[in-house]
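Peer 1: Sharing a structure, written as structure tokens. Questions coming.
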Amino acid sequence: MQDTIRKQIFELQEASYQKFIAALIPNIDNVLGVRMPELRKLAKGIAKCDWRTYLQTANDEYFEEVMLQGLVIGYAKADVEELLTYVETFVPKMDNWSVCDSFCTGLKFTKQNKERIWSFLQPYLISDKEYEIRFGIVMLLDYYIEPNYIDRVLDLLDDVQHEGYYAKMAVAWALSICFVKLPDQTMKYLTGDHSLDLFTYNKALQKITESTRVGADVKEIIRGMKRK
């Protein structure tokens, strides 16, 4: 099965796209160059068949092979506890922001299992591994930035101490989404007694000012909050 799928992936690769995507993910060197719509189409097909066997035997050599596994988990239909066993197995395979973020976006069963997934995410948010922390943070920003969770989300983001660039950028990104969706609570946090390091704090402000959903007058206030 894995040989057939690898052949399909190789048939979909594009040299020009390989150069483009490889430049966006500089910390890896195993990109073939397959566009996401093609990988999603392939993943949907696998999810309708024997996806369990696929996930148990899939190859991890290429970026696209790992990405495909994450997409299949998102499309698969099963009990939440079974799906979480596959999530748990997959997370350690992530070594770049692209696989991490795409994987999180696909885990839409989170919407129907908020408290269960919330509990599941907690160990990742205190991990010493950069992409495990990023996974936890991106899951928060994808599914939990809403009134019922905002205070807990801000507390968790404040507790992240990892020095990895992609962990810090995830915190900044999450805070910008918090501000866009719930500006009052997030402004109170940003102007209060938080624990953000200078880089993460200023990156959060920058991302807020880059948002098209924040007014010009508010952006001026945010720019004035930058620290040196």
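Peer 1: Out of curiosity, is residue 85 modelled with pLDDT of 95 or more and open to solvent by 50 Å² or more (accessible area, probe 1.4 Å)?
Peer 2: Yes, satisfied.
Peer 1: Considering (1) open to solvent by 40 Å² or more (accessible area, probe 1.4 Å); (2) touching a Pro at 6+ places or on another chain (Cβ under 9 Å); (3) not basic (Lys, Arg), say which one residue 182 fails and leave the rest.
Peer 2: (1)
Peer 1: Of everything in the range 142-153 that's open to solvent by 10 Å² or more (accessible area, probe 1.4 Å) and part of a helix (DSSP H, G or I), which residue is nearest to residue 191 (Cα to Cα)?
Peer 2: 151
Peer 1: Among the residues that make up the range 118-129, is at least one of them open to solvent by less than 30 Å² (accessible area, probe 1.4 Å), in a loop (DSSP other than H, G, I, E, B) and modelled with pLDDT of 95 or more?
Peer 2: yes
Peer 1: Within the range 211-221, can one find any residue that is in contact with a helix residue (DSSP H, G or I) (Cβ under 6 Å, 6 or more places away or on another chain) and open to solvent by 50 Å² or more (accessible area, probe 1.4 Å)?
Peer 2: yes
Peer 1: Identify, please: which residue in the range 185-205 is of a type in the set (A, V, I, L, M), open to solvent by less than 70 Å² (accessible area, probe 1.4 Å) and part of a helix (DSSP H, G or I) and is, among those, nearest to residue 148 (Cα to Cα)?
Peer 2: The residue in question is 187.
Peer 1: Suppose the filter is surrounded by fewer than 19 Cβ atoms within 10 Å (Cβ to Cβ) and within 17 Å of residue 1 (Cα to Cα); does residue 77 pass it?
Peer 2: Considered against the rule, which asks whether it is surrounded by fewer than 19 Cβ atoms within 10 Å (Cβ to Cβ) and within 17 Å of residue 1 (Cα to Cα), residue 77 comes out as no.
Peer 1: Can you tell me which of 30, 59 is outside any helix (DSSP H, G or I), open to solvent by 40 Å² or more (accessible area, probe 1.4 Å) and of a type in the set (S, T, N, Q)?
Peer 2: The match here is 59.
Residue-wise test of (1) more than 18 Å from residue 140 (Cα to Cα); (2) among the charged types (D, E, K, R); (3) in contact with a Phe, Trp or Tyr (Cβ under 6 Å, 6 or more places away or on another chain).
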| site | (1), (2), (3) |
| --- | --- |
| 54 | yes, no, no |
| 64 | yes, yes, no |
| 70 | no, no, yes |
| 73 | yes, no, yes |
| 88 | no, yes, no |
| 93 | yes, yes, no |
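Peer 1: So, in the range 39-56, of the ones that are open to solvent by less than 60 Å² (accessible area, probe 1.4 Å) and of a type outside the set (A, V, I, L, M), which residue ends up nearest to residue 28 (Cα to Cα)?
Peer 2: Checked the range 39-56; the qualifying residue nearest to residue 28 (Cα to Cα) is 54.
Peer 1: Please go through the range 89-114 and pick out each residue that is closer than 22 Å to residue 152 by Cβ and either in contact (Cβ under 8 Å) with a residue 40 or more places away in the chain or of a type outside the set (Phe, Trp, Tyr) (or both).
Peer 2: Hits for the range 89-114 are 91, 100, 101, 104, 105, 107, 108, 110, 111, 112, 113, 114.
The values are calculated or read from the model by the stated rules, or taken from the named source; none is laboratory data. Predicted model, so just to flag it, every value in this text is computed and none were measured. Heads up, the Cβs are rebuilt from the backbone with ideal geometry, glycines too, and the neighbour counts pull from every protein chain shown. What goes into the accessible areas is simple: the full protein's heavy atoms, side chains included, and nothing from ligands, DNA or RNA. Shrake-Rupley method; radii C 1.70, N 1.55, O 1.52, S 1.80 Å.
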